[in-house]
Each structure stands twice: as structure tokens, then as C-alpha cells.
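Peer 1: Below is one structure. I have some questions about it.
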Amino acid sequence: AILAEAAIATPLPVFASRQRSPKALRSDSPAAMTFLDVAQGSYEDGVKVVAGLSPAQREKCKKEASAELQARGKNRCKAAYALGRLGGPTTSATTTALLKALQTDAEWGVRAGAAINLGRLGIAEAWDALEQAPMRDESADVKNAAREALQRLMKGGVKGPSESLGVSAKYVLESFPSEAQAATGKITPTFYDINERLAKGPTGKGFGKICPRDGKPHCSIVDALESSHNSTHFVSWCWQYTLDDFTSAIDSHLRAEGLNTAAIFLWVCFFCNNQYRIQDGETDTAVLARTFGETLKKIGNVIGVIDSFKKPIYTDRIWCIFETYVAITKKVPVKYTLPKAARDEFAEQMTTGLVEAQEHLRNLDARRATATVKRDEDAIKKIILQGAGFDKVNEVVQENLINWQVQVFQEQMKAACRRR
């Protein structure tokens with residue numbers, strides 16, 4: 001028998017049980033059991049009801065709930081909750097119904113219910129929709145539900161789309177250095193050296209593995225690693241950096257911020273772009289440059305790795321200038337970091353070093369900045385010309401870097417005073 005309509009409580013819809021216990025519901029005639037019965041009471045009560053259903057009854061309720069969501073019926077909110085409680089393997093129709101409800105339904109309760117249960121079902125396809133929901137939804141309840149669902153997916157070991165994955169900071173700092181040194185036969189290889197051995201070719205970590213982005217053989221390093229998860233930080237850097245400078249700068253930043261390496265996942269182009277496809281010319285630079293702004297916004301944090309305070313390579317590279325500009329205009333915080341050697345050098349030559357650093361920064365000009373691949377340089381400069389223009393990009397990036405230089409100078413002055 002179909003139960004009476006249940007009250008919906010805020011901040012998230014919670015269905016109050018009406019006079020009937022899960023035990024009583026389980027004793028009903030199987031033919032009369034519906035998704036509305038599953039939706040009643042607390043989540044735990046609903047799960048107990050489901051435990052008493054046969055596989056056939058469970059599928060019957062799933063189909064009913066999916067149909068109710070797709071038809072936008074009056075009980076679609078309960079249908080969204082019922083689908084999460086029914087759990088188990090889900091059909092494409094169920095997934096489609098929940099995703100559509102989260103993305104398009106006019107009722108916040110339906111969107112929140114869909115968000116929560118996408119997380120409970122552990123559906124990897126839900127990542128994009130759940131990540132977008134907090135940014136575009138006006139309802140705080142839906143935002144909270146989407147965040148809760150994403151956390152549940154992460155705890156359950158479900159990974160997001162390949163393009164959203166980041167490499168574990170723990171791997172970068174603890175395992176990767178010895179792998180890179182062994183693969184290249186060099187103590188301080190650059191990432192150009194490492195690329196030829198670990199990111200592409202027959203010795204690459206993704207060699208022979210199917211790429212989840214296009215279904216073809218050979219994947220990115222991030223897709224080849226079991227420890228990869230959804231990115232927490234975007235890293236802006238240069239391939240000319242040595243292994244030691246890169247890892248030292250990342251380590252310095254994580255220590256300064258008090259972050260646990262096991263919980264940090266870095267989006268670094270070396271690890272996350274499929275270098276096999278770039279090698280074969282299958283990656284469109286213009287498309288990549290135009291779309292990565294949304295990637296930055298989704299991740300929400302940028303680490304700018306600068307190799308030297310006085311004459312950084314960073315300010316001569318068009319990708320780095322462009323990444324910094326896009327992050328600032330998207331209101332994504334950028335925090336810069338130096339390798340230990342560069343920070344120590346600056347501390348020793350604080351006065352002369354500051355003058356030299358200012359001069360180098362004064363000469364920053366996106367017009368003269370370069371990229372390793374000429375088509376990358378041309379594509380990014382074309383985007384800049386069609387957008388804000390070189391002068392505006394230069395102004396925004398210079399101001400951001402000046403603020404960082406002032407911060408570093410203040411930190412070093414305080415440290416010097418404490419030593420005295």
C-alpha cells in the first residue's frame with residue numbers, strides 16, 4: 001500500500017515515518033511495495049526496508065522511481081531518495097534520471113535528493129554534475145548536498161573523470177624522485193629528460209594501458225597510477241626545472257601551509273596530460289588553453305612554482321604568464337613557492353637580490369614570452385590578443401608577482417631579525 005505523503009524538513013529533505021515501522025512495511029504484500037515505501041522514514045529505515053526486498057522487487061522499485069523522476073511527477077523528490085536507498089548496481093536509466101534531476105529540476109529538494117544519492121550510489125559519471133552544482137546553484141542546501149556527495153564518493157574510492165585527476169603529492173615527493181633518477185640515469189634531471197623515459201615511449205608508465213579519455217592504447221601517468229584522485233591543487237610551473245627544484249618547491253609549499261601530502265592531489269601537466277597524444281600531435285593547444293580556465297576554477301587552488309627570486313624562468317614562459325592571468329581573473333588564489341636553494345640564496349643577498357628581481361619583473365612582457373612548442377606560443381598569444389590584450393595581462397601578472405615578492409621580503413626580514 002502506498003503510504004501517505006511525508007513531510008519534508010530543512011535544510012535537506014528528510015522524510016518522516018508515518019506510524020509504520022520498517023518491520024511492518026516488510027510484512028506488506030510484495031506486489032504492493034513501491035518506491036514510496038522505500039522513501040519513508042530515515043535513511044537507515046529505508047535501507048532496512050530494502051533489505052527485505054527480493055532482487056525482482058528492488059528492480060521494480062528502481063524502475064518506478066526512475067520513471068517518476070523522468071516524468072517529473074509530484075513524488076520525484078521521494079523517488080530521488082528511494083534510488084539512493086535501493087543502491088546496488090544501477091542502470092543507465094537510473095543514472096540519467098538522477099543526473100537530469102540534479103541539473104534541471106526546479107525544486108531544490110529534488111536536486112538535493114539527487115545529489116546525495118548520486119554519492120551514495122557511487123557513480124563515477126556524477127563527478128562533473130556534482131562539481132558544477134555548488135558553483136551554479138543558488139540553494140545552499142543543494143551546494144551542501146553536492147559537497148557531501150563528492151566526499152562520499154572520495155571515501156568510497158570512486159574517482160572522477162580522468163581529466164580531473166591529480167597525482168598524489170605523497171607519490172611526487174617520496175617515490176617519483178627515485179623513479180626519475182633511475183629512469184634517466186641522472187641525479188638532477190629536468191622534466192624534458194624525465195618525459196622521454198616515464199611519460200611516453202615504451203618505458204612510459206602508461207605504455208600499453210588503455211586511456212580512459214579516448215579508449216586508445218597508452219595513457220597519461222596520472223591514469224596509470226592507482227594512487228591518483230581528484231585534483232586539489234593546480235600547479236603552474238616550467239618543464240626546464242630540475243627534479244630537485246620542483247620537488248623542493250612543492251615540499252616547501254605544503255609544509256608552509258601545513259598540508260598532509262597524502263590528502264593533496266596535484267594537477268601537473270607533465271603527469272596529467274597524455275604525453276603520447278601530444279607527441280602524436282593529437283592535442284589542440286587552442287582548445288586546451290580556452291578550456292583550462294574551467295579546470296582551474298573547479299580545482300580552486302593554484303601553486304605557482306618559481307625557480308629563482310632574482311631571474312625566474314617562470315616570467316619568460318607564455319604558459320606560466322597565461323595560467324597566472326586566467327587564475328587571477330577567475331578569482332582563484334595563486335600561492336607562489338620557491339625551492340629551498342633559491343630561498344636560501346635570496347636570504348643571503350636580500351638587498352641586491354631585491355633590486356635585480358624588480359628589474360627582471362619590470363621587463364615581464366607576454367609579447368616576448370616563449371613556449372617550447374611554437375604552436376602553443378602562437379595559440380596562447382592569439383587568445384590574449386582576442387581577449388584583454390598584452391598590456392592588461394602584463395599588468396595583472398606583474399601586480400600579483402610584486403605582492404608575492406613583498407611577502408617573501410617581509411618573511412625574510414622577520415627571520416633575519418629573529419636570528420639576531
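Peer 1: Full extension from Thr295 to Ser54: what is 0.36 nm times the residue separation minus their Cα-Cα distance, to one decimal in nm?
Peer 2: 82.4 nm
Peer 1: Which far-off residues, 5 or more places away or on another chain, put their amide H under 5 Å from the one on Leu364, with H placed in the peptide plane?
Peer 2: HN-HN under 5 Å from Leu364: empty list.
Peer 1: Further, regarding this structure: Given Cα pairs under 8 Å that are at least 6 residues apart, what percent is the relative contact order of segment 115-237?
Peer 2: Contact order relative to length: 22 percent.
Peer 1: Divide by every residue of the chain the summed helix terms, -39500 (n - 2.57) for each DSSP H run of at least 4, and state the resulting mean residue ellipticity at 222 nm, rounded to the nearest 500 deg cm²/dmol. Intermediate results must be reported in sequence, preceding the final value.
Peer 2: Details: 22 runs with 238 residues, N = 420.
The helix-only estimate for the chain comes to -17000 deg cm²/dmol at 222 nm.
Peer 1: Another question about this same structure. Taking K and R as +1 and D and E as -1, what net charge do the other residues with C-beta under 13 Å from the C-beta of Gly206 add up to?
Peer 2: +4
Peer 1: Something else now. Starting from 0.36 nm per residue, how many nanometres of slack lie between Thr283 and Gln70 once their C-alpha separation is accounted for?
Peer 2: So the extension gain works out to 73.0 nm.
Peer 1: May I ask for the longest run of the chain untouched by GluC sites (Glu not before Pro) that are loop-located per DSSP and have at most 12 neighbouring C-beta atoms (other than their own) within 10 Å? Let's see the in-between values first.
Peer 2: Details: sites that count: Glu5, Glu138, Glu226, Glu282.
Between exposed loop sites, the widest span is 283-420.
Peer 1: Over segment 142-264, one equal point on each Cα, no solvent: what is log10 I(q)/I(0) by the Debye formula at q = 0.13, 0.14 Å⁻¹?
Peer 2: Per q value, in the given order, log10 I(q)/I(0) is -0.60, -0.69.
Peer 1: Explain nothing, just the number: relative contact order of the chain, from Cα pairs under 8 Å at least 6 residues apart, as a whole percent.
Peer 2: Numbers: 644 pairs, mean separation 42.0, N = 420.
Reported relative contact order: 10 percent.
Peer 1: Of the heavy-atom accessible surface of the chain (probe 1.4 angstrom), what whole percent is carbon and sulfur?
Peer 2: 52 percent
Peer 1: Please give the length that would be gained between Ala124 and Asn260 if that part of the chain were fully extended, namely 0.36 nm times their separation in residues minus their C-alpha to C-alpha distance (nm, one decimal). Display every interim value, and only then the final one.
Peer 2: Details: separation 136, 0.36 × 136 = 48.96 nm, distance 2.50 nm.
46.5 nm is the gain from fully extending Ala124 to Asn260.
Peer 1: Where a ≥ b ≥ c are the square roots of the eigenvalues of the C-alpha gyration tensor, would you call segment 251-389 rounded, which needs a/c under 1.5, or, failing that, prolate if a/b is larger than b/c, or oblate?
Peer 2: Working: a/c = 1.85, a/b = 1.27, b/c = 1.45.
Oblate.
Peer 1: Same structure, new question: Using all C-alpha to C-alpha distances in segment 121-192, build P(r) with 10 Å bins and read off the rounded percent in each one.
Peer 2: Calculated over all Cα pairs of segment 121-192, the distribution is 17, 33, 20, 19, 10, 1 percent.
Peer 1: Checking the a/c ratio against 1.5 first, then a/b against b/c, what shape does the Cα gyration tensor give for segment 284-335?
Peer 2: The shape class here is oblate.
Peer 1: Could you give the accessible area per residue of segment 154-206, probe 1.4 Å, as a whole number in Å²?
Peer 2: For segment 154-206, the per-residue accessible area is 46 Å².
Peer 1: What net charge do the residues around Asp391 carry, taking every other residue with its C-beta under 11 Å from that of Asp391, with Lys and Arg at +1 and Asp and Glu at -1?
Peer 2: That sum, taken over residues with Cβ under 11 Å, equals 0.
Peer 1: Label point 7 Å out from Lys209 along Cα-to-Cβ: which residues of segment 266-299 have amide N under 20 Å?
Peer 2: Once the point is set 7 Å along Cα→Cβ of Lys209, 266-280 turn out to lie under 20 Å by backbone N, inside segment 266-299.
Peer 1: Answer rounded, prolate or oblate for segment 185-251, using the Cα gyration tensor with square roots of eigenvalues a ≥ b ≥ c: rounded when a/c is under 1.5, else prolate when a/b is larger than b/c, else oblate.
Peer 2: Verdict is oblate for segment 185-251.
The values are calculated or read from the model by the stated rules, or taken from the named source; none is laboratory data. Predicted model only: the values in this text are computed from it and were never measured. With ideal geometry, Cβ positions are generated from the backbone for all residues, glycine too; neighbour counts draw on all protein chains shown. To get the accessible areas, we keep the full protein, side chains included, count just its heavy atoms, and leave off ligands, DNA and RNA. Shrake-Rupley method; radii C 1.70, N 1.55, O 1.52, S 1.80 Å.
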